[in-house]
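Contents: one structure, followed by commentary.
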Amino acid sequence: MSPDAKAIQTAEAAGQPWVQTLHEWVTTVDHKRLGILYILYALVFLIIAGLEATIIRIQLMRPHNDFVSPQVFNRMFTMHGTTMIFFVAIPVLFGFANYLVPLMIGARDMAFPRLNAFSFWLTALGGFLLYFSFVGGSGLYGAGNAPDVGWWAYAPLTSRAFSPGHSSDYWTVALLVSGFGSIGTAINLIATIISMRCPGMTLSRMPLFAWLNLIMAGMVILAISPLTAAQVMLTVDRYLGGHFFDTQAGGSATLWMHFFWIFGHPEVYVLVIPAFAFVSEIIPVFSRKPIFGYPVMVGATACIGFLSLSVWAHHMFTIGMNSYANSFFAITTFAVGIPTGIKIFNWLGTMWGGRIQFKTPMLFCIAFLFQFLIAGLTGIMLGAAPFNWQLSGSYFVVAHFHYVIVGGILFALFAAFYYWYPKITGRMFNETLGKLHFWLFLIGFHLTFDLMHIPGVLGMPRRIYTYEPGRGWDTLNFLVSIGAFVQGIATLVFVANLVVSYFKGAKAGNDPWDAWTLEWSTSSPPPVYNFASVPTVASRRPLWDLKHPEDPDSRYE
Amino acid sequence: MTNKHKTDWEAVLARVTGIIVILTGVLLAARVCVAGPPGDHPIPSIFDPHSTPAESIRHLSHFVLAITGLIFLVVFSLLSYVVVKFRRRVADAEREPAQVYGSTQIELAWTIIPILIVVVLFLATARVIHAIQDAPKPAEAVEVTAIGHQFWWEFRYPKLGIVTANELHVPVSDPAHPTPTFLKLFSADTDHSFWIPQLAGKTDLIPNHPNETWVDPHETGLFLGQCAQYCGTQHAKMLLRVYVDTPEDFNAWARAQQQPANQDEKEAAGRLVFERTACVNCHAINGTNGTGRFGPDLTHLMSRNTIAAGAALNTHEKLRLWIQNPDAIKPGSLMPAMKLSDAEVDALVRYLETLQ
């Protein structure tokens, strides 16, 4: 143990003043603490954006409801979408990557610890700026309001003619600032994974988690950069007399759409690939088998990353592209289904012949597989351009992408929370509460998002604050809202479990799941320096080799 | 024992999901089958099409649903089988299963089969894209220019010299002698989207980016739709009504629309209110000094069944309310409350009600 670490531990034991603790957290450059900060920050915004969703669902419970005004409703869905994508999904996934990647590759920290802290605080500032619009959006004390242009902020709705005041500017600046934070973390992850692996850990022995986060980080750089550029162009339009997107002066509304979706579609994969990473670590452990087809999994993910850069205009099938362009984006969209299907089959292959343990993390992974399958299939429907002309912009699309983001990404994320909770806190979570959370959330999720497809098919467009009675949408919307409340309750159970288990949970020990990757070889929570001596590995499952010296993986790889 | 209990939950999960999927299908079918009186289409379902583009899309959608449904069944069954079959049993809880790392043959199989499926899907899709998008415009086609505004629709029939709003009239199209309607789509301000689910898929109206779409309804009646691209505060009440008329009715309607505005001297007072207030900045009435184009043309206001882009029925009370306080019907609409006296409003409404 290094003298520094000893000093820190002694200080903690002595009960240092809270100011000192706070100072340590604010100034930390430790990847684990920054990871926890990212995760807690995202949880706070998850609650906020969840409340916004609740307001949306109360308003839509019955036709011609007047729970909120159209202005408030439009702000709510704009803030819900923006917050969930930029200030919940990205930070929480970066948080897990930050915490776990160095531990999994046997490193003592990220490659650039200070850049890491800088990136986190930029992201934090972005979220603050977005919500500051509520009070400072019009430049006067307390006079302001949240942006109401939708989370795609399509031009020319964002031009000064249609969006006076500064609410759109706060949206722009929030995304610009947090975008730099994301790029910083992506560079850091790439550098860490390329150059900080422990002895023996060749690229082909890296846990899939590290591989997938490497691919995700590469995509962040490719996807966030055009978005950041577009934000600068929008600001030039609004304040410096530019005309990029200003249609009244000959600008192009479709140019913004291209910029936004060349970010927006890869972004979906930026979010879902880390979810794949969680599932790829958790399913093998609870099936008691190594991942099936490791090289194929890496290849398929790289393939998804590559293909996802060529599908963006499937968000724009209705803007009047010619039939060749529509056909091109239809086939690239279908093609993404191939590597994605391969991944599902490989997880299936991993479970095949295993001894599956239905612990809470595994339950979430299994639900993820079912739900991601459905989300992928509705994605195929949306990829068929003519079918898309009907479904696009309707509640079918809303149901589809919530199936991806909630049914896929959030379920995988819950699995990750339960799986790594013992490592991060040193305590076991409450399994009964975990199962209760799972079943409640599952019921709420299906009630909401299965039914939500139908109003879309019956002609209900998204982003409407109210709707006409008698179109067959009433009952469905009511049930969808009930499901949303059930999900809200389930989320409270989850948060309660996190908090209670932190104080009352049983001691976890180093390796509660009998797992195989390096993070389980150190204490829970890991010391500041992660590993007392840097480990050396000979296979993809170093802890399997350690536990089964008679039959090590290194013999087969 | 507890272990056994837990695994049963998994079977339940599988069953519950199955039931939900089936229920969804039944509910969907039930919804689609609920039909009002003939000629009335209250539920704008995409699976109840009455025009060639919407019908081709339904055909394609059936094909895509069949393929995705099949994939779903196969993978869903496999997953359920694996979850039930390979659960840990008490007897062998402590043993590790055989460690299998992969299989090239299996990987190849589940790569090649999806590729074949993608090729088939693509061919079917490309055919329908071409059939709808590249359809030739016959000489008999009715031409309409649709312009999206915050938050209403302007319809112009350049060949017929008609200007109207929010309620589109088109002739029914006999498949033997098609008289489709071709629409040029423009926007006056932000993005909008033209969507009548039972007639065609949606096409956006984008400023500086003219688009086109077409419909050829095979059945008369009223078809409902609404703006499908978020366009601002009152996006929700930018409703769209399409009346499909018999050729005779359509011609009669067109002739009536081509007439100049009714000049009923009894209501000159109301007309004066219109001409001497800011109404004329936004609204046009043929034969008055009102030539504004920011709001709907009112020359034949009474020929329309609704006002405020379908947000209210065109009744005496609603019309009066709409003039006095637009926010009561459509908060955030761009029509200002004109602060007229009761007498002025009464005169104005009486005048507007003569505009047949």
I'd like the orientation of helix A:253-287 relative to chain A: the angle between its Cα long axis and the longest Cα principal axis, in ° from 0 to 90, rounded to 10. 30 degrees
Over chain A, what relative contact order in percent results from Cα pairs under 8 Å that are six or more residues apart? 16 percent
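B:Ala98 to A:Leu546: FRET efficiency via 1/(1 + (r/R0)^6), r the Cβ-Cβ distance, R0 22 Å, to the nearest 0.05? Mind dumping the intermediate values first?
On the way: r = 20 Å, r/R0 = 0.90.
Given R0 = 22 Å and the Cβ-Cβ separation, E is 0.65.
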I'd like the distance separating the alpha-carbon centroids of segment A:245-281 and segment B:256-281, in whole Å. 50 Å
Given a Förster distance of 60 Å, the FRET efficiency implied by the Cβ-Cβ spacing of B:Ala268 and B:Leu78, rounded to the nearest 0.05, works out to 0.15
Restricted to chain B, the DSSP antiparallel beta bridge percent, nearest 5, is 70 percent
With a length cut of 30 Å (Cα positions projected on each helix's long axis) and a Kyte-Doolittle mean of at least -1.0, go through chain B and give me the DSSP H helices that pass. B:2-33, B:52-85, B:104-133
Relative contact order in percent for segment A:397-485 (Cα pairs under 8 Å, 6+ apart) equals 37 percent
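Please compute the Kirkwood hydrodynamic radius of the protein assembly as shown from all pairs of different C-alpha atoms, in Å with one decimal.
Details: mean 1/r = 0.0339 Å⁻¹.
Across the protein assembly as shown, the inverse of the average 1/r is 29.5 Å.
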Give me the Debye-computed log₁₀ of I(q)/I(0) at q = 0.11, 0.12, 0.25 Å⁻¹ for segment B:128-214, equal point scatterers on Cα only, no solvent, two decimals. -0.30, -0.36, -1.44
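Taking each pair of distinct Cα atoms in segment B:38-127 once, what is the resulting Kirkwood hydrodynamic radius in Å? Spell out each step's value before the answer.
Numbers: mean 1/r = 0.0568 Å⁻¹.
Hydrodynamic radius (Kirkwood, Cα only) of segment B:38-127 equals 17.6 Å.
Can you tell me what percent of all Cα-Cα pairs in segment A:87-186 are more than 24 Å apart? List each step's numbers first, then the result.
Numbers: 1737 of 4950 pairs.
That fraction is 35 percent.
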Taking amide H positions as placed 1.01 Å from N in the peptide plane, with prolines and chain starts having none, which residues 5 or more places from A:Ile356, or on another chain, fall under 5 Å of its amide H? B:Arg87, B:Arg88
Given charges at beta-carbon only (K, R positive; D, E negative), |dipole| of segment A:125-268 in Debye: 400 debye
Can you tell me the Rg and Dmax of segment B:265-352, counting just the alpha carbons, in angstroms? 11.9, 35
Over segment A:34-116, one equal point on each Cα, no solvent: what is log10 I(q)/I(0) by the Debye formula at q = 0.17, 0.18, 0.22, 0.25 Å⁻¹? -0.71, -0.75, -0.94, -1.08
Ordered by residue, what ³J(HN,Hα) values in Hz, to whole numbers, does segment A:513-519 give under the Karplus form 6.51 cos²θ - 1.76 cosθ + 1.60, where θ = phi - 60° and Gly and Pro are x? 9, 6, 9, 10, 9, 4, 4
Give the share of C-alpha pairs in each 10 angstrom bin for segment A:254-300, from 0 to the last occupied bin, in whole percents, shortest bins first. 23, 36, 22, 14, 5, 0
Debye intensity ratio in log₁₀ form over the Cα atoms of chain B, taken at each q of 0.08, 0.13 Å⁻¹: -0.56, -1.06
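Find the relative contact order for chain B and round it to a whole percent, using C-alpha pairs within less than 8 Å whose residues are 6+ positions apart.
Working: 573 pairs, mean separation 54.2, N = 356.
Relative CO of chain B lands at 15 percent.
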Once the Cα atoms of helix A:431-457 and of chain A are each reduced to a long axis, what angle between those two axes, in degrees from 0 to 90 to the nearest 10, is obtained? 30 degrees
Taking 7 Å along the Cα-to-C-beta vector as the label spot, tell me the B:Leu340-A:Tyr324 distance in nanometres, rounded to one decimal. 5.5 nm
Along each of its three principal axes, how wide is the spread of alpha-carbon positions in segment A:256-405, in whole angstrom units, largest first? 52, 30, 22
Dipole magnitude of segment B:265-352 about its Cα centre (Cβ charges: Lys, Arg +1; Asp, Glu -1), debye to nearest 20: 160 debye
Listed by chain and number, the aspartates and glutamates with an alpha carbon less than 18 angstrom from that of A:Lys435, same-chain partners under 8 positions apart left out, are B:Asp8, B:Glu10
Simple label model, 7 Å out from Cα along Cβ direction - B:Ala252 to A:Glu557, nm: 8.2 nm
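Would you mind estimating how fast segment A:25-555 diffuses translationally, via Stokes-Einstein at 10 °C and 1.306 mPa s with the Kirkwood radius over Cα pairs, in µm²/s? Display every interim value, and only then the final one.
Details: Rh = 23.8 Å.
Reported coefficient: 67 µm²/s.
Coordinate-derived values only; no laboratory data. All figures in this text were calculated on a predicted structure; none of them were measured in a lab. Positions of Cβ are backbone-derived with ideal geometry, glycine not excepted, and every protein chain shown enters the neighbour counts.
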